[in-house]
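Note sheet for the following structure.
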Amino acid sequence: MIPSVLPTYTRAPLHFVKGEGSWLVEEDGRRFLDLGSGIAVNALGHAHPALVAALTEQAGKLWHVSNLYEIPQQQALADKLVGATFADTVFFTNSGTEACELAVKMARKYWYDKGLPEKTDIIAFSGSFHGRSSAGIAAAGSEKMVKGFGPLLPGFKHLDWRDFDALKDAIDDNTAAVLLEPIQGEGGIRPLPDDELKAIRALCDEKGCLLVLDEVQCGMGRTGRLFAHEWAGIVPDIMMVAKGIGGGFPLGAVLATEEAASGMTAGTHGSTYGGNPLGCAVGCAVMDHVAEPEFLAEVNRKAGFLRQKLEGLIAAHPDIFEEVRGSGLMLGLKVKPAPAEFVKAGYEALVITVPAADNVVRLLPALTISDDEIAEAIARLDAAASALETA
């Protein structure tokens, strides 16, 4: 008999009832150190006072009016994002998946309005994840994502991750855009080196196609810059954002240059809930913290401290760990057992991690995690590794 909640998830038998910063409290009272942050969503941790205050204040005033009217909170958040990034304009969504849908539409509409309707192909890469909508799974292209859901949305080409020569050969007169994550999250915390991202930006300019970045997981301060592409000193034409931008409230966005967004005129796209007063009030509070240089400097300092501790952990358990990789507080431990086994051992040690592809366990702590909590995290990861060694 099918359960009342559609069984599309294999859920851990945990029932969290409260969150406090980097901690989750199970209904039986156990306190788990959260190194997953709801898959990089709770950028400021659980129940951050500024986010609680912003949500509570706005909830007492106005929840929803739809985009038939001006929304001051939406304008305020758009201004903050435009002021802090390459973008000239922002469209708000409810999720990263919806951001992907618009990014694809925007890239294709741009060329259509330029009189080049044949330029519809989007080039994407193995190991990518762009959400679970029709466009998202077509962009990812992996069997796990697409099996049973055909016919797929056409117009996507798939190349091996980091195969620059193949990319040069693949871009042709029908290519609208190149779509990639600066750091693949679901794919196993696989960063694209800065020089390669620079080369891809230059290639897109040379060949006449747009560069679309998916910073849903690696953006909003997670790498120690507001957005990961900033480390390479380049700018995209279009960028997908979500997860951390709402700090736990469902919120996403597409950021774009004026040129790239030129085809998206009145009536070409919409969202009933996107950019509602509640979400944007919280998003403004997130930006007020995460975009501050002092905050980002502290993320970098803590990232260095965590990475140093993880290197010691790897050295202490060579039968469990292979390496640590990633950037900032978006790190991956490559493990020798199945990632799910390590995640489960972590539950027993009261620490939350997130599995990924390529035998990687993701560490995506709140950007506000303290040094003492990092030390405690290492102790609990050490306990999980020891338990697997003796199993």
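Values quoted throughout were computed directly from the atomic coordinates according to the rules given, and no laboratory measurement underlies them. Computed from a predicted structure; not experimentally measured. Here the Cβ is made from the backbone with ideal geometry for all residues, glycine too, and neighbour counts use every protein chain on show.
Please express the Cα-Cα pair-distance distribution P(r) of the stretch 326-391 as a list of whole percents, one per 5 Å bin, running from 0 to the bin with the greatest distance.
Going out from 0 Å in 5 Å bins, the stretch 326-391 shows 4, 19, 28, 28, 16, 6, 1 percent.
Report the calculated FRET efficiency for D319 and Y112 (r = Cβ-Cβ distance, R0 = 41 Å), to the nearest 0.05. Walk me through the numbers on the way to the answer.
On the way: r = 56 Å, r/R0 = 1.36.
In this case the efficiency is close to 0.15.
Going 7 Å from the Cα of A387 toward and past its Cβ, which residues in the stretch 322-356 have a backbone nitrogen under 13 Å from where you end up?
Under cut-off, by backbone N: 341-353.
Provide the packing ranking of 266-279, 40-53, i.e. peptides ordered by the mean count of other C-beta atoms within 10 Å per residue, highest first. Before the final figure, lay out the partial values.
Working: 266-279: 17.1, 40-53: 20.4.
Most protected by this proxy first, the peptides run 40-53, 266-279.
Helix-only mean residue ellipticity at 222 nm, the chain, DSSP H runs n ≥ 4 weighted -39,500 (n - 2.57), per residue, nearest 500. What is it?
Values: 12 runs with 146 residues, N = 391.
After summing the helix terms and dividing by residue count, I get -11500 deg cm²/dmol.
So if I take the centroid of the Cα atoms in the stretch 164-182 and the same for the stretch 63-91, what is the distance between those two points in Å?
Computed from Cα coordinates, the inter-centre distance equals 31 Å.
Could you give each residue of the stretch 140-154 its phi-based ³J(HN,Hα) in whole Hz, using Karplus coefficients 6.51, -1.76, 1.60 with θ = phi - 60°, and x for Gly or Pro?
Coupling constants for the stretch 140-154: 5, x, 6, 4, 4, 7, 10, 4, x, 10, x, x, 7, 4, x Hz.
Would you mind getting me the FRET efficiency between T265 and E348? Use the beta-carbon distance for r and R0 = 45 Å, nearest 0.05. Present the calculation step by step, with values, prior to reporting the outcome.
On the way: r = 55 Å, r/R0 = 1.23.
Taking R0 as 45 Å, the efficiency between T265 and E348 is 0.25.
Around L210, which amide H atoms from residues at least 5 apart in sequence, or from another chain, sit under 5 Å from its own amide H, with H modelled in the peptide plane?
A177, V178
Does anyone have the angle between helix 293-316 and the longest principal axis of the chain? Alpha-carbon axes, 0 to 90°, nearest 10?
Helix 293-316 sits roughly 50 degrees off the main axis of the chain.
Provide the descending list of Cα extents for the stretch 50-290 along its principal axes, expressed in whole angstroms.
Projected onto the principal axes, the Cα atoms of the stretch 50-290 cover 55, 37, 37 Å.
What is the distance, in nm, between label points placed 7 Å from the Cα along the Cα-to-Cβ direction at E143 and at N174?
2.5
Using alpha carbons only, how many angstrom separate the centre of the stretch 212-260 from the centre of the stretch 16-43?
Going from one Cα centre to the other spans 25 Å.
Before anything else, pin down the relative contact order of the chain: Cα pairs under 8 Å, at least 6 apart, normalised by residue count, whole percent.
Answer for the chain is 23 percent.
Would you tally the net charge around D88, using a Cβ to Cβ cut-off of less than 13 Å, leaving D88 out, and scoring K and R as +1, D and E as -1?
On the way: positive: none; negative: D79, D237, E258, E259.
So the environment of D88 carries a net charge of -4.
Which percent, nearest 5, of DSSP beta bridges in the chain are antiparallel? It would help to have the intermediate numbers written out before the result.
Values: 32 of 49 bridges.
That works out to approximately 65 percent antiparallel.
Using 0.36 nm times the number of residues separating I2 and A202, minus their current alpha carbon distance, what extension gain do you get?
Details: separation 200, 0.36 × 200 = 72.00 nm, distance 5.16 nm.
Result: 66.8 nm gained on full extension.
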